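Below is one structure, written out as structure tokens, with a few remarks after it.
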Amino acid sequence: MFWIILIMLCGLGSGYALRRIRLVFVSRLIMILICALLFLLGFEVGGSPRIVAGLHMLGSEACLLSMAGVTGSIMLSWLFWLWSTKRKQKE
Amino acid sequence: MKSSLIIVAFFVLGTLTGLSNFLPSFLIVNNINLYVLYGLMFFVGVSLGNDVGFLKRFKQIRPRYLLLPLFTIVGTLGGCAAASLLLIKVSLLDSMAIGSGMGYYSLSSIFIGEYRGAELGTLALLTNIFREIIALLFAPLLVKYFGKLAPISVAGATSMDTTLPVISRVVEPQYAIVSVYHGFVTDFSVPFLVTFFCMI
């Protein structure tokens, strides 16, 4: 965890130091690295018969988790919205 | 949308390659993905640090809306913690780690795959893809019933890029800036929160 954060902060510093130059290639490079890593993740999944056999189960668990996360964020952002619009009316 | 499809296509291609035993397994044994992940995090940092103009635009946001990412994060983690009670195989911390992906499926699935194994990595990928799809499809309904912040909050980390076009169609321009800010902060929180929940 420490390394990941340190590396990201190094990147942040370098990006800021080079802020006068538009680093257009970076977003393309990020996309390539993401694709490579997801290929490797898929490769690991495909190579494991246990995960492949349970893919349908993972699908339903993913449905439940995404719905739960979405519901939680809707509830809090709704409360925040009601609170902020009420305050606006008072002002 | 196009880039999302490309990313998913690479995952599927990887799975098919793994199934066919076409490539040797030294790709995984030698921890290549960990070093690629380090490279990725460096360049994610560079891209965030390089975009200074971006930060200046945030001054136009009403101060209270600066808190929105916090509500999104707490709401998502709370929802995922509740869902873990219904899931037998996924522990509380694992489901919170998956929720911490905030719709940023590429990065979160890579992290979770690295720390907690490919099975949970795949679960993180699917969960966060579903979240982005929900955000894209239901933005108009969310505005109607839950206010203008709801589609932004549901979009999570994607509210500054992939779901921004849909969000800016359903809310006024001042909320579109909130959406970009919200995506920026939530996006930044993903690597920290995901590794935090994977490590404790």
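The values are calculated or read from the model by the stated rules, or taken from the named source; none is laboratory data. From a predicted model like this one, the values you see are computed outputs, not experimental measurements. A quick note on method: Cβ atoms are made from the backbone with ideal geometry, for glycine too, and the neighbour counts reach across all protein chains shown. Ligands, DNA and RNA are excluded from the accessible area calculation, which covers all protein heavy atoms including side chains. Shrake-Rupley method; radii C 1.70, N 1.55, O 1.52, S 1.80 Å.
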Picking from B:F138, B:F196, B:F130, the residue that is within 8 Å of chain A (Cβ to nearest Cβ), surrounded by fewer than 21 Cβ atoms within 10 Å (Cβ to Cβ) and not acidic (D, E) would be B:F196
Matching residues in the range B:37-66 (facing chain A (nearest Cβ under 7 Å) and farther than 28 Å from A:L38 by Cα) number 2
Note on A:L23: of the conditions (1) in a helix (DSSP H, G or I); (2) facing chain B (nearest Cβ under 8 Å), unmet is (1)
Of the residues in the range B:71-102, those that are open to solvent by 10 Å² or more (accessible area, probe 1.4 Å) and β-branched (V, I, T) number 3
Taking the range B:143-157 and keeping residues open to solvent by 10 Å² or more (accessible area, probe 1.4 Å) and in contact (Cβ under 8 Å) with a residue 24 or more places away in the chain leaves B:V143, B:K148
(request) Tell me, yes or no, whether the range A:59-73 has at least one residue that is under 25 Å from B:M41 (Cβ atoms), more than 7 Å from every other protein chain (Cβ to nearest Cβ) and open to solvent by 10 Å² or more (accessible area, probe 1.4 Å). (result) no
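Across the range A:26-51, which residue is least open to solvent (accessible area, probe 1.4 Å) among those that are more than 7 Å from chain B (Cβ to nearest Cβ) and over 20 Å from B:F188 (Cα atoms)? Full working, then the answer.
Of all residues in the range A:26-51, those more than 7 Å from chain B (Cβ to nearest Cβ) come to A:28, A:32, A:49-50.
Next, only the ones that are over 20 Å from B:F188 (Cα atoms) stay: A:49-50.
Details: A:P49: 104, A:R50: 156 Å².
Out of the qualifying residues, it is A:P49.
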> For B:V171, are the conditions met, namely being away from every other protein chain (no Cβ under 12 Å), aliphatic (A, V, I, L, M) and open to solvent by 10 Å² or more (accessible area, probe 1.4 Å)?
Replying inline: no
Filtering the range B:115-162 for residues that are of a type in the set (V, I, T) and closer than 21 Å to B:Y175 by Cβ leaves a count of 6
How many residues of the range B:9-27 are part of a helix (DSSP H, G or I), at pLDDT below 85 and surrounded by fewer than 18 Cβ atoms within 10 Å (Cβ to Cβ)? The answer is 1
Just one listed residue, out of B:Y115, B:Y105, is hydroxyl-bearing (S, T, Y) and surrounded by fewer than 24 Cβ atoms within 10 Å (Cβ to Cβ), and it is B:Y115
B:L125 passes all but one of the listed conditions (1) at the interface with chain A (Cβ under 9 Å from one of its Cβ atoms); (2) open to solvent by 40 Å² or more (accessible area, probe 1.4 Å); the exception is number (2)
Among residues of the range B:174-187 being within 16 Å of the chain's Cα centre (by Cα) and β-branched (V, I, T), the residue surrounded by the most Cβ atoms within 10 Å (Cβ to Cβ) is B:T186
Of (1) of a type outside the set (S, T, Y); (2) more than 30 Å from B:G147 (Cα to Cα); (3) within 24 Å of the chain's Cα centre (by Cα), A:L18 satisfies every one except (3)
Scanning the range B:82-101 residue by residue, those at the interface with chain A (Cβ under 8 Å from one of its Cβ atoms) and part of a loop (DSSP other than H, G, I, E, B) turn out to be B:L86, B:L87, B:K89, B:V90
The correct count of residues that are modelled with pLDDT under 85, within 30 Å of A:G11 (Cβ to Cβ) and among the charged types (D, E, K, R) in the range A:23-59 is 1
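Take the conditions farther than 14 Å from A:V70 by Cα and surrounded by 19 or more Cβ atoms within 10 Å (Cβ to Cβ) and apply them to B:T163. Does it pass?
Working: farther than 14 Å from A:V70 by Cα: yes; surrounded by 19 or more Cβ atoms within 10 Å (Cβ to Cβ): yes.
Yes, satisfied.
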